[in-house]
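Step one of this worksheet: look at the structure below.
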Amino acid sequence: MRRVLVLFAHPALEKSRVNRRLIEHARGDGVTFHDLYELYPDFDVDVGREQRLLTEHDVIVMHHPLYWYSVPALFKQWIDLVLEHGWAYGSGGEALRGKWLVNAITAGGGEAAYRPGGLNRHTLRQMLAPIEQTAWLCWMKFLPPYAVHGTHGLESEHVEQHAERYRRFLESLKDEGIDLEPLRAADYFAVPGGALDAR
């Protein structure tokens, strides 16, 4: 079983009914849930603690809302401090070699807004190019994003459906019987009926 670390960052979780429901499924055997804003409200990240957590897990899930086409501020601070030269990249920096990295993202806009010709002109994966490049520099394997679109307009029943899909997504990441390699080139993860898929 792969060990999965969910690094969660939401600066206004009390206002997010979707993320509050999703993270209820981000705990369990083989899944470690780690809330960055709860632990570091002053942005004083414990680098040693974070590095130990990373080395103890096989799959890193960066779970966050999309903030101005990027990650929330604390996630950027975390990246700047934790992924140190000589540890994560550069001379002798191979602590994360071979680990998987994936973004689990909530976005207010619908999926149609995230494509060429759409409101945002680019795919969600294209917007994550800096994260993908960071993974590459740190010898990690980058996976397509798992996304929940249109969060502002979701009815309660659809929130529940997304929460269940997220649970299955995390379960699939743990399953060593699922080959993640062929999924790397896709634009999105999809979890239609239970098995991990990509499109």
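Computed from the coordinates by the stated procedures, all read-outs in this text should not be read as laboratory data. Values in this document were obtained by computation on a predicted structure and should not be read as measured data. Note that we place each Cβ from the backbone using ideal geometry, even for glycine, and neighbour counts take in every protein chain shown.
Quick notes on this one:
- Summarising the overall dimensions of the stretch 4-198 from its C-alpha atoms, the Rg and Dmax are 16.0, 50 angstrom.
- The distance linking the stretch 38-78 with the stretch 164-180 is 21 Å (Cα centroid to Cα centroid, whole angstrom).
- Helix 73-82 axis, angle to the chain major axis (alpha carbon atoms, nearest 10°): 30 degrees
- Using θ = phi - 60° in the Karplus curve 6.51 cos²θ - 1.76 cosθ + 1.60, the 3J(HN,Hα) couplings for the stretch 98-113 round to x, 6, 9, 10, 9, 9, 10, 10, 10, 9, x, x, x, 4, 5, 6 Hz; x is entered for Gly and Pro.
- Beyond 26 Å in Cα-Cα separation lie the following of the pairs Lys15/Lys76; Lys15/Lys141; Lys76/Lys99: Lys15/Lys141.
- Highest mean packing first, where packing is the average number of other Cβ atoms within 10 Å per residue, the peptides 90-98, 157-165 line up as 157-165, 90-98.
- CD proxy at 222 nm, helix term only [per DSSP H run n ≥ 4: -39500 (n - 2.57); per residue of the chain; nearest 500]: -8500 deg cm²/dmol
- Residue ranges 99-111, 144-156 sort as 99-111, 144-156 when ordered by packing (mean number of other C-beta atoms within 10 Å per residue, highest first).
- Toward the positive end of the charge dipole of the chain, with +1 on the Cβ of Lys and Arg and -1 on the Cβ of Asp and Glu, the farthest Cα among Tyr114, Ser70, Gly93 is that of Tyr114.
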